[in-house]
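Student: Right, I'll just put the structure down here and ask away after.
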Amino acid sequence: MKPIAGIIGGGVVGAHIALALASRFSVFLIEKNQKLGQETSTRNSGVLHAGIYYPQNSFKARFCVEGNALSREFFLKYDIPFKSTGKYIIARNTDEEAELELLFENATRNGVPTMQRLSLKKFKNEFPFINACAAIFSGSTGILDAGEYMRALSALLDRANVEVLKCCTARRITDGPIIETDRGDLEVDVAINAAGLYADDIAKSSGIHEYEIIPLKGDYLTTRSISLEVPIYPVPNRAHGTLGIHLTPTFSSEVLIGPTEVPGVQKNDYDIRTPVGVFYNSLASMIETSFISNIKLHEGYSGNRPRAYCNGKRCDDFIILENPAEVIHLIGIESPGLTSAPAIARYVESLLR
Ligand SMILES: Cc1cc2nc3c(=O)[nH]c(=O)nc-3n(C[C@H](O)[C@H](O)[C@H](O)COP(=O)(O)OP(=O)(O)OC[C@H]3O[C@@H](n4cnc5c(N)ncnc54)[C@H](O)[C@@H]3O)c2cc1C
């Protein structure tokens, strides 16, 4: 008989971990919602990141670069919608130009493939409506359809005989390990906490008290007034530690504008709370003035970044803890978690060998 693995959280990370463990373990995937991936995994920009931004040797850098390659193979193998669009990052003034150069060097250190410095003339020819004084191009960035991705993962979990317990809320992990849920206790050989925004609550229930997740909301609006095939990002917003409000094409004719940064919300607050003026101001900083008046904005959606703090100090990296060895906690899996998921899963599987 195979040993039993219990995974709390059926987002993209928990689903990939379940698939990675399915050949060695009888896997139970516990998800409180009716479907997999209804929280952060489908409330994001849908961008397969390249690994440009993160400090060298961090989990984020390592798993993003590896996850980008693994995700591409996965999408191809299982026919999951993906477009290898590349992405532009623009500078709007000389300070940002210096920042852009630092990003380029960081990407090179992280082993990000196909980065290019661009001639401004070429960029301006292609994007006359964008306000930029310099731009770099990342060839390994792409866009995916997160809803389709989660549906495909669900089908693969069925095929791999993973027991998916939907509408089942895990309460705590106790010694054994035992995962206590609102539908009874599950005695397991290994327990994995991949509960996203609630990973701190599960960690606390098993005696790890120093981590707190304080959500940082990101709202999106959409527009059909801009035609765009390639995401365009500003340099990151250092004050908030986010990538800044960007323009991202989707699989429809809509372009996403966002995400914003709204602190002080509840974990389950998915209402759009950013005043529309914030979106227009942000567009005004990226788009030539003459184009702005033609842009009509529509309601999009909202996602909450699972920002982790350790004893009050912000954690810059993903936290992966084995405590004790048969209980693994994944805390603060914010961006680039969608990209990193298959690499995180591979790492977690290696910890259990
Ligand atoms: C605004 C925004 C934009 C982003 N953009 C990108 C991007 O473009 N590219 C990228 O790579 N990353 C991006 N990310 C990050 C990415 O979306 C996340 O890192 C990733 O989705 C995390 O997946 P997860 O499975 O850890 O979490 P989740 O998707 O939150 O999954 C956790 C699951 O656990 C379940 N759960 C929680 N508690 C319990 C419990 N007690 N019992 C049972 N089930 C429970 C939840 O219902 C949920 O389904 C973005 C995030 C945000 C917020």
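Every number in this text was worked out from the coordinates using simple rules, so none of it is lab data. As the structure is a computational prediction, the values presented were derived from the model and not from experiment. Here the Cβ positions follow ideal geometry from the backbone for every residue, glycine too, while neighbour counts run over all protein chains shown.
Student: Determine the gain in length on full extension of the stretch S252-R224; use 0.36 nm per residue of separation and subtract their C-alpha separation, reporting nm with one decimal. Write down the numbers at each step before the final one.
Tutor: Working: separation 28, 0.36 × 28 = 10.08 nm, distance 0.94 nm.
9.1 nm is the gain from fully extending S252 to R224.
Student: Specify which residue in the list F74, A61, L48 is farthest towards the positive end of the charge dipole of the range 1-109, using unit charges on the beta carbon of Lys, Arg (+1) and Asp, Glu (-1), about the Cα centre.
Tutor: Checking the options against the dipole of the range 1-109, the answer is F74.
Student: List every residue whose amide H lies under 5 Å from the amide H of S225, counting only residues 5 or more places away in sequence or on a different chain, with H placed 1.01 Å from N in the peptide plane.
Tutor: K296
Student: Looking at the chain, send over the antiparallel percent of its DSSP beta bridges, to the nearest 5.
Tutor: Details: 46 of 64 bridges.
DSSP beta bridges in the chain are roughly 70 percent antiparallel.
Student: Which of the listed residues, L352, P128, Y211, is farthest toward the dipole's positive end in the chain, when Lys, Arg count +1 and Asp, Glu count -1 at the beta-carbon?
Tutor: So the residue furthest toward the plus end is P128.
Student: Something else now. Go through K60/K122; K35/K296; K83/K313; K83/K267; K60/K313 and tell me which ones have a Cα-Cα distance over 26 Å in this structure.
Tutor: Values: K60/K122 32 Å; K35/K296 33 Å; K83/K313 37 Å; K83/K267 31 Å; K60/K313 18 Å.
Cα-Cα > 26 Å for K60/K122; K35/K296; K83/K313; K83/K267; rest within.
Student: Mind checking the angle between helix 276-286 and the chain's longest principal axis? C-alpha axes, 0 to 90 degrees, to the nearest 10.
Tutor: In the chain, helix 276-286 runs at an angle near 60 degrees to the longest axis.
Student: With charges only on Cβ, +1 for K and R and -1 for D and E, what is the dipole size of the range 156-285 about its Cα centre, in debye, rounded to 20? Before the final figure, lay out each step's value.
Tutor: Working: 11 positive and 18 negative charges, 107 e Å.
Dipole about the Cα centre, nearest 20: 520 debye.
Student: What's the exposure ranking of T94, T339, T40, going from fewest to most Cβ atoms within 10 Å? Write down the numbers at each step before the final one.
Tutor: Values: T94 10, T339 28, T40 25.
Ranking T94, T339, T40 by Cβ neighbours within 10 Å, fewest first, gives T94, T40, T339.
Student: At a Förster radius of 35 Å, what calculated FRET efficiency corresponds to the Cβ-Cβ distance of E180 and E73, to the nearest 0.05?
Tutor: Details: r = 37 Å, r/R0 = 1.06.
Taking R0 as 35 Å, the efficiency between E180 and E73 is 0.40.
Student: Would you work out which of T242, L283, A155 lies farthest towards the positive end of the dipole of the chain? Charges go on Cβ: Lys and Arg +1, Asp and Glu -1.
Tutor: L283
Student: List the GluC sites (Glu not before Pro) within the range 182-260 that DSSP assigns to loop and that have no more than 11 neighbouring Cβ atoms inside 10 Å.
Tutor: Numbers: sites: E187, E210, E212, E229, E254; in loops: E210, E229, E254.
For GluC sites (Glu not before Pro) across the range 182-260 that sit outside H, G, I, E and B with at most 11 neighbouring Cβ atoms in 10 Å, the list reads E229.
Student: Quote the charge dipole size of the chain about the Cα centre in Debye, to the nearest 20; the model charges only the Cβ of Lys and Arg (+1) and of Asp and Glu (-1).
Tutor: Working: 36 positive and 40 negative charges, 128 e Å.
About 620 debye.
Student: I need the Kirkwood Rh of the chain: take the reciprocal of the average 1/r across all distinct C-alpha pairs and report it in angstrom. Before the final figure, lay out the partial values.
Tutor: Numbers: mean 1/r = 0.0480 Å⁻¹.
Radius from the Kirkwood sum: 20.8 Å.
Student: Pick out, in residue order, every one of the chymotrypsin sites (Phe, Trp or Tyr not before Pro) in the range 233-310 that is DSSP loop and has at most 14 other C-beta atoms within 10 Å; say none if there are none.
Tutor: On the way: sites: F251, Y270, F279, Y280, F291, Y301, Y309; in loops: F251, Y270.
Hits after loop and neighbour filter: F251.
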